[in-house]
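The values are calculated or read from the model by the stated rules, or taken from the named source; none is laboratory data. Here the structure is a predicted model, which is why all the values come from computation and not from measurement. Here the Cβ positions follow ideal geometry from the backbone for every residue, glycine too, while neighbour counts run over all protein chains shown.
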Amino acid sequence: MNASDGWKPGAGHATARTRAWMLSAARHYFANCDVLEVETPVLSASAVSDPHLESMHVSAQCAEGGPLFLRTSPEYPMKRLLAAGYPDIFEIGKVFRDGERGARHQPEFTMIEWYRHGFGLQQIIDDAVGLISTLIDDRHLLRPLQQISYRDAFLRFAGVDPGDAQSNELARIAKADDSLMRSIGDDRDAWLDLILARNVAAAFPSNALTVLHHYPASQAALSRLCPDDPALADRFEVFFGPVELANGYVELTDADEQRRRFLRDQEQRRLADAQTRPLDENLLAAMDHGLPPCAGVAVGFDRLLMINTQARHIRDVVSIAFEGRGND
């Protein structure tokens, strides 16, 4: 597209109709399950602590004492609603992540996120697969669903046990050059993420959904540890071929443990010379008040739309693509 065409929409009429149908179908799915739609703030005085996610900040005259941040997910305020007694809830809305650009990433995108009271891991996996299967056209799902544990997937497709391997062995499997070695160093989880993308997910069957479950405890994020094996986390992801579509947890409900994880994230950010962000004390207070047992999922809606329209770039499925200098 040349400069004079830059004003034009990314998605055509047919794609816009498909998007509208999918949004309606998602709401119909949740309505049938008696899940309440909610709307939470896009701006917050706090930000995600995850060292692998970067929040965007904005300056505003109404913000006293510092910048505001655009949400990377509606997770924190949705959990505050759950702690206040809300029933099962979902939200469909825009989220923002700095530094994410590529064929399947842009800084602003649409996310579907929901929470179910009392769900265990298999129940929330079935729920996620149910929604995704509802939204993806059947002609794209040509093979049966596959479920495989994180450990078994690494053993099968990368020939390594992710629980035992040291950084040097993981670097060898990843075929890392000197630059990558310097960049990642001894960060085992970073090596595992790289191998997951290069070796494991790349081997998942195309035109099929794959559920990868029971991640290492070191990658628990906001999930609880497995009650019968604290070396593992009650966390899963859903892939279509090699493409991640969804990330879900049986949620951590312990406020003290959540604070420890946040502080550990902050320390990792400091060691990486990355900016630390204000912790969400309101979330921690809500968890301290009492976050009920629940499970949640986040789905990248635009990626589902890319599957249905067979688009190769995310800009082809959004009405107006991200407008920034050097936009791809």
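Summary of values
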| item | result |
| --- | --- |
| Flag for R277 being of a type in the set (D, E, K, R), in contact with a Gly (Cβ under 8 Å, 6 or more places away or on another chain) and at pLDDT below 90 | no |
| One residue from A31, A63 being among the small types (G, A, S), in contact with a strand residue (DSSP E or B) (Cβ under 9 Å, 6 or more places away or on another chain) and modelled with pLDDT of 85 or more | A31 |
| D177 without any contact (Cβ under 8 Å) to a residue 12 or more places away in the chain and either loosely packed, with under 15 Cβ neighbours inside 10 Å or of a type outside the set (F, W, Y) (or both) | yes |
| Pair list, Cβ under 8 Å, 6 or more apart: region 114-139 residue among the small types (G, A, S), other residue in a helix (DSSP H, G or I) | G130/Y29 |
| Of all residues in region 150-174 being surrounded by fewer than 17 Cβ atoms within 10 Å (Cβ to Cβ) and at pLDDT 95 or above, the one that is farthest from W114 (Cα to Cα) | G159 |
| Test for L53: is it hydrophobic (A, V, I, L, M, F, W, C), within 30 Å of I173 (Cα to Cα), under 14 Å from the mean Cα position of the chain (by Cα) and surrounded by fewer than 20 Cβ atoms within 10 Å (Cβ to Cβ) | yes |
| Number of the condition not met by R270 [criteria: (1) basic (K, R); (2) more than 15 Å from the chain's Cα centre (by Cα); (3) assigned to a helix (DSSP H, G or I); (4) buried (at least 16 other Cβ atoms within 10 Å of the Cβ)] | (4) |
| Region 248-264, subset charged (D, E, K, R) and modelled with pLDDT of 95 or more, residue surrounded by the most Cβ atoms within 10 Å (Cβ to Cβ) | E251 |
| Residue in region 98-110 that is modelled with pLDDT under 95 and of a type in the set (K, R) present | yes |
